[in-house]
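Report on one structure; see the data block that follows.
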Amino acid sequence: MNRSMNDLHDAEDFFHFYRLTYDPKVLSIARLHILQRYKQYLEQNDLHEGDSTDPEIWGKKRSLLNQAYHDFIRSTPLQEKVFPVFYRRRSCFISFCRIEGEP
């Protein structure tokens with residue numbers, strides 16, 4: 001715990017900081033999704049600004065990262081839909097004929 005959260009730059013850094021094991025294959029596919037879900041869990045638990053040098057808060061944050069990671073072991077990024085892009089309506093195709101007005 002001698003590093004600050006501000007020193008963490010990628011998913012691997014977070015897992016090393018919290019001393020969690022991970023499958024590199026899972027992390028390579030879902031890294032952004034896992035970190036986004038982790039952020040959501042932190043916000044839901046009012047821990048986003050929590051002091052990670054406090055052993056109790058560090059343990060809670062560690063548990064939440066582990067929970068976020070396991071969400072994507074049991075599921076996929078497409079099923080979990082942590083990013084708004086998954087909620088956008090799909091656009092439809094309109095041919096040029098319809099734009100120009102068919103006779």
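Read-outs: derived from the displayed coordinates by stated rules, not from any lab. The structure displayed is predicted, hence computed values, not measured ones. Here Cβ is always computed from backbone atoms with ideal geometry, including for glycine, and neighbour counts include all displayed protein chains.
What nm distance separates the two modelled labels at R74 and K39, each placed 7 Å from Cα along Cα→Cβ?
2.4
If you stretched the chain out fully between Q67 and E49, how much longer would it get, using 0.36 nm times the residue separation minus the C-alpha to C-alpha distance?
On the way: separation 18, 0.36 × 18 = 6.48 nm, distance 1.87 nm.
In short, 4.6 nm is gained.
For D13 paired with S28, estimate the spin-label separation in nm (one decimal), with each label point 7 Å from Cα along the Cα-to-Cβ line.
2.2
I want to check the label-to-label distance for E56 and N6. Put each point 7 Å from Cα in the C-beta direction and report it in nm to one decimal.
2.5
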